[in-house]
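Right, one structure below, let's go through it.
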Amino acid sequence: MTGCADSVLDATDIACASALEQLHGSPIAVLAFDCVARRGVIGDLGIHAEVDRIADRAGAPIAGFYTYGEFARTQGASGFHNQTLVTLAIG
């Protein structure tokens with residue numbers, strides 16, 4: 001996988017939107033499981049931008065942490081797993 005800070009942050013929006021689409025209504029909270037490899041790409045400023053993007057889109061409290069090996073495929077059995085962000089919207 002290749003990417004830059006902008007593409008990694010754009011993926012944040014996609015992951016958050018996907019989680020929110022599963023709800024029937026507004027979330028009460030969002031949990032984020034962020035691959036530690038993303039941190040190296042987006043840097044300290046990107047970390048804050050990522051949290052702000054999730055909070056702005058969700059309009060709810062968020063919590064999360066960095067992980068090694070978070071997997072949450074929604075289709076198919078194979079694919080590349082690195083620099084991923086898994087979000088869980090709770091409603």
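Okay, here's what the table says:
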{"item": "Integer Hz, Karplus 6.51/-1.76/1.60 couplings in order for region 53-65, x for Gly and Pro", "result": "4, 5, 4, 5, 6, 7, x, 8, x, 10, 9, x, 7"}
{"item": "Residues with amide H under 5 Å from that of G64, placed H, sequence gap 5 or more", "result": "A32"}
{"item": "Low-density loop cleavage sites - chymotrypsin sites (Phe, Trp or Tyr not before Pro) in region 33-71, where at most 11 other Cβ are within 10 Å (DSSP)", "result": "Y68, F71"}
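Taken together, the values in this text are just the output of simple stated rules run on the coordinates, not laboratory data. Bear in mind the structure is a predicted one, so any value in this text is a computation, not a measurement. Backbone-built Cβ (ideal geometry, glycine too); neighbour counts: all protein chains shown.
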